[in-house]
Amino acid sequence: MKNLKIAIQKSGRLNEKSVQLLKNCGLDFENYKSSLITTVGNFPLEILFLRDDDIPGYVEQGIADLGIVGENIIDETESKVEYIKRLGFGKCTLKLAIPKDSSIQDIKDLNGKAIATSYPNILKNFLDDYKINADIRLISGSVEISPGLGLSDAICDIVSTGGTLKSNGLKPFADVKNSEAILVGRKGLEGNEILTELVQRIESVLLAKETKYVVLNVEKKNLPAITSLLHGVKSPTVVPLAEEGWVAVHTVITEDDFWDKINKLKAEGAQGIVVMPIEKIIL
């Protein structure tokens, strides 16, 4: 069977997590920092390392079969690719920001204003929805300094923590688009066996990342109350302990669910609670 090609970011904020995801899927590859392409030794897959802006186009044209890229890049390049799986990392928001002393109070106040951005297509679509006619100024890199230089009245840029905005005297004004890393594919891949296997591996890794293996001890008389709180993948596993009248309960739950229920578990008599990470889950 012919190898599939997957394109990921060569450097940047999605590179490390994309590489780690593929390695956690059991894929064996090396030399990715010094190569533009590498072959996976134990799976029919080749990995291309590209600029993030180029990934959607390579997938649309069929040069790569798959890609891991930010949703913001897909929308900005307006590439025709198939969404396969949201990956849950690389989350950020494309925001409008204005100087702290700006007179702009409402979206409508952007009419006739100059807005600097590296995402002119996304910004134009957003402004069109509000019927706003603004002067969109394309700037590559360091968009946040443009108001201070008198180049624009506002900016539209990716914001993760907001620290860069603050250090440049800016404040968030409106959310334009939320984004995260997406596994995308070219058209016509439906039913491909390699893709099916790869997606299964990715899903098992992502599911494991958001779940924990929990073991706790409880008296048998309190077991019904404990098991009602812990549903797990199917149901908890209950194992008798050496001490008469006590059992160990093993289960898998999401981390958020665990923190929500830990006080309830303790109130129902749970003791010796151990929480462990999970490498993979196959459903």
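Each reported figure results from applying straightforward, stated rules to the coordinates on display, with no laboratory input. Quick caveat, the model's predicted, so the values are computed rather than measured. A quick note on method: Cβ atoms are made from the backbone with ideal geometry, for glycine too, and the neighbour counts reach across all protein chains shown.
Details
- When restricted to Cα atoms, the chain yields an Rg and a Dmax of 24.5, 78 Å, respectively.
- Pair GLU180, THR93: separation of 7 Å Cα→Cβ label points (nm): 1.5 nm
- Computed over neighbours whose Cβ is under 13 Å from that of ALA7, the net charge equals -2, Lys and Arg +1, Asp and Glu -1.
- Cα-derived Rg over Rh, computed across region 22-73 with Rh taken as Kirkwood radius: 0.97
- C-alpha long axis of helix 15-24 to longest principal axis of the chain, angle in °: 30 degrees
- Assigned charges on the beta-carbon of Lys, Arg, Asp, Glu; region 90-225 dipole about Cα centre (debye): 300 debye
- Three-way shape label, region 150-279, alpha-carbon gyration tensor, a/c 1.5: oblate
- Diffusion constant of region 92-179 at 37 °C, which comes from Stokes-Einstein with the Kirkwood Cα-pair radius and 0.692 mPa s, µm²/s: 261 µm²/s
- With the helix formula -39500 (n - 2.57) applied to DSSP H stretches of n ≥ 4, the chain reaches a computed 222 nm mean residue ellipticity of -7500 deg cm²/dmol.
- Helix 120-129 axis versus longest C-alpha principal axis of the chain: approximately 90°, rounded to the nearest ten.
- Centre separation in Å (Cα based) which lies between region 8-66 and region 214-283: 39 Å
- Angle between the chain longest axis and helix 255-267 axis [Cα atoms, degrees, rounded to 10]: 40 degrees
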